[in-house]
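Peer 1: Before we start, here is the structure in question, set down as structure tokens.
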Amino acid sequence: MKTNRRTFLQTAGVSVSLPLLESFGASSVEAAPKRMIAINQDLGFIPKRFFPKTAGRDYAMSPYLEKITEHREQFTVFSGLSHPGVDGGHRADKTFLTAAPHPGRASFRNSISLDQVIANEVGNKTRFRSLSLGINDVRSLSYTQAGVEIPTIKSAADLYKKMFLQGDRDAMEAQLDRLRRKGSILDVVLGQSSHLSKRVSDSDRQRIDQYQTAVRSLEQRLTDAEAWEARPKPTVDEALPEYPEDKKEFFAMVRMMNDMCRLALQTDSTRVITLFLGSVRTPGVTFDDGRTLGGYHNLSHHGKDEVKLSRLEEIENAQMELFGEFLRDLKSVNEVDGNLLDNTIVLYGCHMGDANIHNNSNLPIILAGGGFQHGQHLAFNSQNNTPLCNVFVSMLQNMGVETDRFASSTGSLTGLV
Amino acid sequence: MPEALSTFFGNHCIDCHDDAEASGGLNIQSLDWNLDDPHITNIWVKIHDRIVAEEMPPEDASSLGEVERGVAIEDLAGRIQRFQEKNYAKHGRAVSRRVNRFEYENILRDLLHDPTLKVADQLPLDGEVHGFAKVGTALDVSHVQVNAYLDAAESALRRAIEFPVEKPQPQSNRYYAREEPRMWAGTGNTGWARFSLALEGLEINDTYSFEKKGFDPAYEVRAEVITVDNTSAELTGTWRESTKRSNHVGTHYLADNNEGTGTYTISWKAELPKPGTYEVRVSFIGGKDMARKAPYLIRHAEGETQLTIDQTVIPTIENLWFPIGRFRFGSIGNGSNSEPVVAEISLSNKDANGWVVADAVQFVPLDDSGEENQKAQLSKEQASTAIFRGAYTPFYYGFEKFKAPIRGDYKVRLKARSVLRQTDYVEWEGEKKPRHYPALVLDATRRYPTPVNDQIFSGKRSEPVKVYSSTLYEPNNQSMLPIGMFEAPPDAPEVFEMEAFFEKGAMVKLDCMRLPSPMVPAMPHTIQKIEPEGYPGVAFHWLEVEGPFLKEWPPASYKALFGDVPTEQSGRHVIAVPTHPLKEAGELLSGFMTRVYRRPVADAEFDRFYLYAKQLLEEGETFTEAMIATYSAVLASPEFLFHCGQPGELDDFAIAERLSFFLGESIPDESLRALAQQGKLRDSETLRSEVNRLLEKPEGRRFVKEFLDAWLKLDEINDTDPDRELYPEYAGDWWLVNSMIEESRLYFADLIAGDRPARNIIDADYTFADERLALHYGVPGVVGPTFRRISLPENSPYGGILTQASVLKVTANGTVTSPVLRGVYVMERLLGDPPSPPPPSVPAVEPDIRGATTIRELLKKHREDASCASCHQKIDPPGFALEGFDVMGRWRENYRSLGEGSERIEGVGRSGNEYVHFVGNAVDASGVTPEGDPFEDVLQFKKLLLKNEEVIARNITEQLLVYATGAPVGFADRDEVSAILEKSRASEFGMRTIIHEIVQSPLFLRK
């Protein structure tokens, strides 16, 4: 797939102006902040084309990893990882970052996702505590403490508007009014919930209390948002992207979302992003030369058919190339110490090891950037997988979160420094 | 764990079910006796059931006597039961729950009289228990929800004030196809446009003309030439149809017996657009054996004229038409156009002296100077644009000039008829592209079919058209709302009227349902291969929209919020201007809260919101804004969002709430609220009649939709599309998918309306279908897109929910079917016996569509291994039985593969997609039930399932109970469930009876 960069993106000539961070006392010499982005490629990769045959530092590139070979020293590829107890094929998309077991079961409750744990720590430093993004799908990777899904922003154009379009003074006043209005409404309903909580039976009280927690949590966020509303948004050179309406323009959408992620991180609009590249609901995929292959989901059920496999490979090659472009873009942004990729932990993978059989073990996982020592294939036992949450613990510690556990982890990941 | 049980398990179970072996994935040694945990409780219940069924311990592994078994079971059952009952007494069966997304949306729709309001997609997805978003433990609340409630409520409330102060008067506007830009060319390249559309009266068969003149509405239309083909003529005698020579009109021409007896006659009648002089032309092939004296008779304004024509002559105009004279038709000076102008030509074979050929006649209008009127303005009324494809993004043709000015009721009228377009072949030499159709692609024969856009004739059959309203230019599933359907007749156009409710800005979209929707990368010429005889289409003359018809003004949505408070315009919306703001705020608020809170509003609660409104007014907020904010607060408050209740008997208000959320997905209506107020809902007769009333209301359809979407997972129906190589006949067939869903809904609604037995879930000798579905099911003789009840032939595998196409589609992906997936679904959803998940170490079966092995062969391992067999002996039988149906639920004798097979099939699919696939192995749908009964196919399997109707009835009862009461059916509820079944037995477990008995049961009437 040849790269066809849309003209709205001008990496070379980017000039970005950030509001002065006076109230946070940041000086220009201070180190760039640590960020995290987690990307889930919904239908994963054909295992034998993704996983390298050898392990360690000198591993031989697999056909798919060839596409990002220029970044060899900036990423680590893993094999033999999965979330224990997580099954259910496609259903495991919502537990990719939570590791809550048995997402397909009738009584499943999700738990907090990795990005939200990080957002709880660093979220108040940026306008957006975190960003949840999705393409072609309603589902999200991000879940709150209560196990509720955080809805995604589904259009790069919408995201751009949120981040960079500044209304005039009147618009800002109007927005502040709205935020205050919401806050006053919450006061009223909070009063009622305290009252109600006393009246109901024990087990019901839990439900009402959860509601109360939610209201208080929202109040806090509204207060933070009010503070941010008064500050000017960053300005960027890039124009508002024309996000396609046609679901088949999948690659174009991925590119635009990747670009928005880079801009978001670069402008410190947020430090925590999740991006779901929803392909199950993508009807077909249009290539730059006008051809459409698809449906994507159908091809992933190749049933060993040669033609389907080769079409699927073409799509998956393109996915890897897009990922490579993204890493390149992050590298091209210079920061006080290193580049944006050095300061951003990038997690890229899928909740299914082999979409053709819908299994959830031996997941394809790549970790890039973040200042880790990369350039290896860390291979774990394919019959007896190591918990993927161990990687998450390493990520949390790298972000400065003081913890040694997350969900089903057994420690930080061996071999990852 | 209690001592007695511990001993029992130690003696009879731990040997296999211990830490080391954990046979079948069950480790009793380390299993907690923790009945607070529902998951663990389920395991204990399963253990209990297997011991009761004597499945465990296995006979060869233990010496458990009957008495000891009985004692242990009673002990175990008793403990679980007492524990649960104590819990119920303390907390109730159902934990308090918030409204789910769809209920929230329906409540706002009902409250605000806004039936097309969409807010559900602004709310995060709900958690589910047993597939139902009705159980409190899964319906969590986080800051995300609360924020979404505030935004959703505000946007819904603001819609209620978005209207002008002056009531808009109904208008009627007609939009002529001839003047619609979207009916000229649509988007995409002109090759596609030329395939998709034909514009009547224009000779635009080449790119240049189509591009230039086609786009130019000022271009004058060629005068209407009236052509009548032999297919529309009246005949006597046994005329022979022939296509031996090609210079004929339409699909064939007629020839007599060359005996000149006069027993063969033909009469063409035409209705001419206006009185005047016309040149009459006839077509008759020509050639040396033809009749030298074919006698024609023309009836015209001045009487009759007989002519003898020599049919050996090759017709002079384009080898097709032979002019036989000019005649006047209709009375001149008539003035009014209302009288139809009838013309008649007849021909017989009396003394014709040769073969008489009858094909078509043509009437060409002449202007006053006697010249063929090339430039006559064809009336907009008469001109039409024909569409030759079904709708598919981005090819929506339609009347885009109309956009509804305001939300409300309208009447929509469309004038249309069905047509048939000829195809012609183009050949060329060498590599150069053909002169007229450079956009099209060569095929191997170097001849390819192409549409001939000025050879359009009456259709052979009527064509169904579905009409939608849409608020998006490029509509999608979310934005399209069906308004109505009609069948465009062949021959003369008819006007069809339907009633529509339009959102503001809505447009009318058309879908010619039966016509294929060519999808990229198909090329137009491949589509022509599908219909070698001529290509059907629908010609639309105009769209007329009358309205809005607004029943009340200000609209009901305003009145719901502001009552009779007068309005004033403020920009695009109104504001309410009360005379006594504080007083009126109080009155409105009181009415609002009583409506949305399902219990009497406590003074303290009223004060809470009233003081808020007062505070806002005192701060200088306008009345309208203050009320919107206060209403938003009410709609985000826990008393609104949550169903609460004290454990024990539910009071009338709680019963009304439960009932209306069960059967209407919304808050109680006026009638139900009144009964609750009057304390009448604990009366069994009243409950019975309310259930009937709610089921029969239009809102009862919401229950059918939401329940089936959850129970049968029908909301996943569009998750996969059939593979276009393996199943080319289904490409772009939205009609089929929509019909599948409609069948399931109508069938289920009928089960309830007719109190039909629960066994009809498994099998029946009838179903509901339209033309498309009947074709799918192999039932002949069903014509038209309207749904009706049909009887199924005796040997039909269809009938019953088990074998409905919708169910068969959601349990397959687009490429292969899976007996395990289908088997698990049947056990879970229809039989109430969900199997345990597979042990984690088992690798999934890898489907192989290359053809050599069937899925059955791949699954053999499961039947050979004892620990797999214990579950698979139950999963496999329904799974295998359903292998007789493909990924769209059609009956099949063989699999299809892409690699190898007994026969290679190639062709062009429904969307112009060229395909190659192979006929694969024969389907083996036989099996053996867990009880040991063998079956050959699904028909026999159904009979075996029906031996135990109670199992089916019990399952549907339990599914409905979870839905209705918001709590899973626990061990302690089993006696009550049995009681419900007993009371339904007399009606053969009638579905309505079951619902009644559920509502009457303590499970429903207690928390």
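Peer 1: What does the charge add up to near A:Asn124, with Lys and Arg as +1, Asp and Glu as -1, over the other residues with Cβ less than 12 Å from its Cβ?
Peer 2: Surrounding charge for A:Asn124 is +3.
Peer 1: Can you sort B:Met507, A:Met36, A:Met352 so the residue with the fewest Cβ neighbours within 10 Å comes first?
Peer 2: By the 10 Å Cβ count, ascending, the order reads B:Met507, A:Met36, A:Met352.
Peer 1: Now for a separate question. Taking 27 Å as the cut-off for C-alpha to C-alpha distance, list the pairs among A:Lys182/A:Lys247; A:Lys308/B:Lys509; A:Lys34/A:Lys154; A:Lys304/B:Lys860; B:Lys380/B:Lys509; A:Lys162/B:Lys118 that go past it.
Peer 2: Cα-Cα > 27 Å for A:Lys182/A:Lys247; A:Lys308/B:Lys509; rest within.
Peer 1: Continuing with this model, one more query. Return a whole-number percent for the relative contact order of the range A:167-231, with Cα pairs under 8 Å and 6 or more residues apart as the contact set.
Peer 2: Result for the range A:167-231 is 50 percent.
Peer 1: Send over the per residue convex hull volume for the range A:167-231, Cα only, as a whole number of Å³.
Peer 2: 58 Å³
Peer 1: Could you work out the helix-only [θ] at 222 nm for chain B, with each DSSP H run of four or more residues adding -39,500 (n - 2.57) and the total divided by the number of residues, to the nearest 500 deg cm²/dmol?
Peer 2: Calculated at 222 nm, the ellipticity per residue is -9500 deg cm²/dmol.
Peer 1: Filter the cross-link list B:Lys134/B:Lys614; A:Lys67/A:Lys233; A:Lys198/B:Lys134 down to pairs whose alpha-carbon distance in this structure exceeds 30 Å.
Peer 2: B:Lys134/B:Lys614; A:Lys67/A:Lys233
Peer 1: Here's a follow-up. Ranked by Cβ crowding within 10 angstrom, fewest neighbours first, how are A:Arg207, B:Arg992 ordered?
Peer 2: B:Arg992, A:Arg207
Peer 1: Would you mind checking the tilt of helix B:3-12 against the longest principal axis of the Cα atoms of chain B, expressed as 0 to 90 degrees and rounded to 10?
Peer 2: Taking the Cα atoms of chain B, the angle to B:3-12 is about 60 degrees.
Peer 1: In nm, to one decimal, how far is the modelled label at B:Lys401 from the one at B:Glu179, with both set 7 Å along Cα→Cβ?
Peer 2: If labels sit at B:Lys401 and B:Glu179, their model points lie 0.4 nm apart.
Peer 1: Multiply the residue gap between A:Arg72 and A:Asp187 by 0.36 nm, knock off their C-alpha separation, and tell me the result in nm, one decimal place.
Peer 2: 36.1 nm
Peer 1: Then there's this: Ranking B:Asp229, A:Asp237 by Cβ neighbours within 10 Å, fewest first, what do you get?
Peer 2: If I rank by nearby Cβ atoms, fewest first, I get A:Asp237, B:Asp229.
Peer 1: Further question: Helix B:101-111: angle to the longest alpha-carbon principal axis of chain B, degrees 0 to 90, nearest 10?
Peer 2: Once rounded, the angle reads 70 degrees.
Peer 1: Tally Lys/Arg at +1 and Asp/Glu at -1 over every other residue whose Cβ is under 14 Å from the Cβ of A:Asp168; what's the total?
Peer 2: Charge balance in the 14 Å sphere: -1.
Peer 1: Given the options B:Val951, B:Gly970, B:Gln1000, identify the residue whose Cα lies farthest towards the positive end of the charge dipole of the range B:929-1007 (+1 on Cβ of Lys, Arg; -1 on Cβ of Asp, Glu).
Peer 2: B:Gln1000
Peer 1: Report D for the range A:173-272 in µm² per second (integer): Stokes-Einstein, Kirkwood Rh on Cα pairs, 25 °C, 0.890 mPa s.
Peer 2: Roughly 142 µm²/s, to the nearest whole number.
Peer 1: Pull out the extension gain between B:Asp19 and B:Arg701, defined as 0.36 nm times the separation in residues minus the alpha carbon to alpha carbon distance; nm, one decimal.
Peer 2: 240.4 nm
Peer 1: Any chance you could give the angle, 0 to 90 degrees and rounded to 10, that helix A:169-199 forms with the longest Cα principal axis of chain A?
Peer 2: Helix A:169-199 sits at roughly 80 degrees to that axis.
Peer 1: Output the direction-averaged projected area (hull surface divided by four) of the convex hull of the alpha-carbon atoms of chain B, in nm².
Peer 2: 51.9 nm²
Peer 1: A follow-up question, please. If you average the sequence gap of Cα pairs under 8 Å that are 6 or more apart and divide by the length of chain A, what percent do you get for the contact order?
Peer 2: Relative contact order comes out at 32 percent.
Peer 1: Compute log10 of I(q)/I(0) for the protein assembly as shown with the Debye formula, placing one identical point scatterer on every Cα and leaving out solvent, at q = 0.07, 0.09 Å⁻¹, to two decimals.
Peer 2: Reported log10 I(q)/I(0), two decimals: -0.91, -1.42.
Each value in this text was obtained by applying a stated rule to the coordinates, not by laboratory testing. Note that the structure is a prediction, hence the values are computed from the model and not measured. Every residue, glycine as well, gets a Cβ built from its backbone with ideal geometry; the counts of neighbours run over all protein chains shown.
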